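Since the structure comes first, as structure tokens, the remarks are kept for the end.
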């Protein structure tokens, strides 16, 4: 193949290709400001009786409507810097500590905690499990009032599996106005939460496990 023939082949290929259209710059659109959700509102308290029915040896219980916060932690949100998330978590912990002190909730040995999400009235599905980081910050504030003194505990000796069941996510009634809120249901439990024999904290029953 001569150089002339090669140039002719390249020319035919270029003619066969569709002409590239100039890229049209995207029109700059201004992001609409978020709609004002209105003032904070108080959702109705969650029903506690169904929760008690599923727990081993429940005792006293307390329902805490957590202080209003315009920003809660979720597992879906990504923050520009770790310090932003740390600031929110620190505030949530302080809210929980400041709320439980005047209520005089006693120190418990074992407990179960449910966190109830009260979402905004939006037409989309919600997964309360996504708000687990907020619930974790609240529990930390209930158990360890002062992060600088980790050995100082209030609600429970520890928030490990030997003292705490949960926190379990639940969906509650939505708020009428304002941002989403969260309630905590604290249930005192009598007896150990772990067992080495066949009788567990949920009672005895037929096991589905087979060797």
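Read-outs throughout are calculated quantities, based only on the coordinates presented, and are distinct from any laboratory measurement. Since this is a predicted model, take the numbers as computed values, not measurements. Don't worry about glycine lacking a Cβ; one is built from the backbone with ideal geometry, like all the others, and counts go over all protein chains shown.
Couple of notes before you dig in:
- Linear extension gain, residue 48 paired with residue 79, 0.36 nm per residue minus alpha-carbon span: 7.7 nm
- Among 180-186, 7-13, the peptide with the highest mean count of other Cβ atoms within 10 Å heads the list, and the full ranking is 180-186, 7-13.
- Most to least packed among 90-99, 57-66 [average Cβ atoms within 10 Å]: 90-99, 57-66
- Kirkwood Rh in Å, taken over region 61-189 so that all alpha-carbon pairs contribute: 15.0 Å
- Given R0 = 30 Å, the distance between the Cβ atoms of residue 176 and residue 103 translates into a calculated FRET efficiency of 0.75.
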